[in-house]
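The values are calculated or read from the model by the stated rules, or taken from the named source; none is laboratory data. For clarity, every value in this text was computed on a predicted model and none was experimentally measured. Don't worry about glycine lacking a Cβ; one is built from the backbone with ideal geometry, like all the others, and counts go over all protein chains shown. Just the protein is used for accessible areas: all its heavy atoms, side chains included, with ligands, DNA and RNA removed. Shrake-Rupley method; radii C 1.70, N 1.55, O 1.52, S 1.80 Å.
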Amino acid sequence: FNYTVTVTHDAGADSAWKVSGAITVTNPNDWEDITVDVTDSINNGGSCVVSGATSVLVPKSGSVSRDYVCTYASAPSPAAFSNTGTATWNAVTASTVASSAARIVTGAFGDPTKLVDDSVTVTDPLGGDLLGTVHSADSSPAVFTYSNTVTGTPGTCKTVDNTATFKTNTTLTTGSAKQSVKLCVGADLSVAKTATPGFTRTYSWNISKAVDKTVVKQVGGSATFNYTVVANETGFTDSGWQVTGSITVTNPNDWEDITASVADGGSCTLSGGPTITVKHATPVVLTYVCTFGSNPGSGVNTATATWNAGTYFTPDGTASGTAGYTFGAPTKLVNSPIHVTDTFKGALGSVTATDDLAHLATGTFTYARVIAIPQFGCTPYPNTAKIVETQQTADASVKVCGPIRTGALTIGFWQNKNGQAIINGCASTAGVCNSGTWLRQFASFQDLSVTATCAQVAAYFTGVFNVANAGGTTMNPMLKAQMLATALNVYFSNPALGGNKIGALAPIGGVTIDLTNIGGSENVSGAFGGATSMTVMQMLTYAAGQSNLGGSTWYGNNKTTQGLAKDAFDGINNQIVFGP
């Protein structure tokens, strides 16, 4: 810093004008002392005073001196003067001719006779202490110059106070002038950062569901179904590689805010930037996300802040911070663990994925479900297992079936008065009962008279019913009774034949029967050529084809096969047969 100390003085101020001296009174008489009064006067405005001026004894042949001073309130005008000193006495007493004596002196005011504070010494601690001396005769102003080097501290301001002082030579009066300087030194911003790598691992799964049986056909009771749900991990896919972290920009300067631009390397998104203003003691923290299309392995992430070094008086205009990263295990797992639910059982459990591709995770869940059998018909029970996280599902539907509700009636019904009344009330053609004509299409019933009246048809059934039994070497009598009752059920359930006299839901002849499950367990397909299902009418036709005329010989009199056929028609008549 280059300092200039300027010392000025005025032309001086005049004061204390006076004329002074001594008045000497001499007594020439050797025989007497004389007492006198001494006065003084001046002619240019001064006021004179004589010290010890009255009753001054002047000894004989001696002299007495008295000092005087004439003073002025302002500069004398004119400068020239005439000063008169006078002694007066008593002439009578002193026996002198005159009573006074005077003496006049002349003079003029010129240069001052005393100079007060006509020089000063000038000191300055930073200028080497003594700068010099300034005299009143010197030119004004007097100028002293010097330089002083201040070493600053980066990041802060340093203030240096300096005082120049003068002191007068006479009265030692002092004066001073103060000047302060401030040196602010800019320090670079600092940049620090963190880097946290992460990626997402998404696990793939499939789900399957099985049940030990899908259909149960039985009469009454309930059925137990055993379900198995399996959730299998099929692998995993990695994605979303990214490095996240924070960038902290700190300003060490306590005297200035710095505006900077922040950039982060790579394919990065910066939050809060890029232009920031950083205050002292208040770091700015920015967040960033750098994304990658594939696993980059490892690397170094660099953040850089730039600013105008000239504007902020810093050594540099840039600062950087780095952070290394290495991708390792996934930081986010998707679909692990998974949770498996079931529409019937609810929560089945969970399965946690593994990263071992040779031993992928599997979860197996089993449970049993008991379902009541409906009285008639089938009821489906769909059931879905689901992986909650992936929404994948697997279905396993079962069906429980009660017998077909055909409306068929038993051999006992057709033998009682109600059944007999239906047969007797049947229509006739030329006196021949229509039901008899229809029954005779089956070889088994061709022992019925071709001219039978409805009463005779009713009696025919009663006769068959009365001898129905399964004893002996043949099942023919019971088979014929059950088949005849089935034929009547077919005829009197069809509006196109004998009318729906029994209130069947539909013509029974068209109902298809599951031949593998009669009564809930018996497989009678062996009596029907191995067929697994037939309509009731087809069953009648097939069985009649295994009989001679009148049904005395049936299925080669194989009682076992006859029994299967008998059970089939018995099942129809008792409504314990099932749909296919």
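A straight Cα-to-Cα reach below 16 Å connects residue 566 with the aspartates and glutamates 514, 522, residues fewer than 8 places away in its own chain not being considered.
Measuring r between the beta carbons of residue 174 and residue 139 and using R0 = 25 Å, the FRET efficiency lands at 0.65.
Charges were assigned to the Cβ only: +1 to each Lys and Arg, -1 to each Asp and Glu. The resulting dipole of region 237-345 about its Cα centre is roughly 360 debye. The lysines whose alpha-carbon is closer than 27 Å to the alpha-carbon of residue 167, local same-chain residues fewer than 8 away aside, are 114, 178.
The stretch between residue 106 and residue 153, if pulled fully straight at 0.36 nm per residue, gains 9.5 nm over its current Cα-Cα span. Distance from the C-alpha centroid of region 535-552 to that of region 368-444: 21 Å, rounded to the whole angstrom.
Shown here: mean projected area of the Cα convex hull in nm², derived from the displayed model; of the candidates [x] 26.7; [y] 65.9; [z] 110.8, it corresponds to [y]. In a simple Cβ point-charge model (Lys, Arg +1; Asp, Glu -1; nothing else charged), the chain has a dipole of about 5080 debye relative to its Cα centre.
Taking all Cα pairs closer than 8 Å and separated by 6 or more residues, the relative contact order of the chain comes to 10 percent. Annotation for residue 354 and residue 516: the two label points, set 7 Å from Cα along the Cα-Cβ direction, are 4.0 nm apart.
Helical runs (DSSP H, four residues minimum) scored at -39500 (n - 2.57) apiece and divided by the length of the chain put the mean residue ellipticity at 222 nm at -4000 deg cm²/dmol. Relative to one another, the C-alpha centroids of region 240-286 and region 153-201 are positioned 26 Å apart. Computed packing ranks the peptides 196-202, 320-326 as 196-202, 320-326, most packed first, by mean other Cβ atoms within 10 Å. Compute the separation of the alpha-carbon centres of region 98-132 and region 315-349 and state it in Å as a whole number. Region 98-132 and region 315-349 have Cα centres separated by 98 Å. DSSP assigns beta bridges within the chain; of those with both partners inside it, close to 95 percent run antiparallel. Please determine, in degrees from 0 to 90 and to the nearest 10, the orientation of helix 476-491 with respect to the longest principal axis defined by the Cα atoms of the chain, where the helix direction is its Cα long axis. Between the helix axis and the principal axis of the chain, the angle is about 60 degrees.
Going by the alpha-carbon gyration tensor, a ≥ b ≥ c the square roots of its eigenvalues, is region 423-557 rounded (a/c under 1.5) or, if a/c is not under 1.5, prolate (a/b greater than b/c) versus oblate? Judged from the Cα gyration tensor, region 423-557 comes out oblate (a/c at least 1.5, b/c at or above a/b).
For region 166-250, averaging the sequence separation of C-alpha pairs within contact (under 8 Å, six or more residues apart) and dividing by the residue count gives a relative contact order of 40 percent. Straight Cα distances below 15 angstrom link residue 182 to the aspartates and glutamates 161, 254, 256, with same-chain residues fewer than 8 positions distant left out.
Decide, for region 66-187, between rounded, prolate and oblate: order the square roots of the alpha carbon gyration tensor eigenvalues as a ≥ b ≥ c, take rounded if a/c falls under 1.5, and otherwise choose prolate if a/b is larger than b/c, else oblate. Taking the square roots of the gyration eigenvalues as a ≥ b ≥ c, region 66-187 is prolate.
Per residue, the solvent-accessible area of the chain (1.4 Å probe, heavy atoms of protein chains only, all protein chains present) comes to 49 Å².
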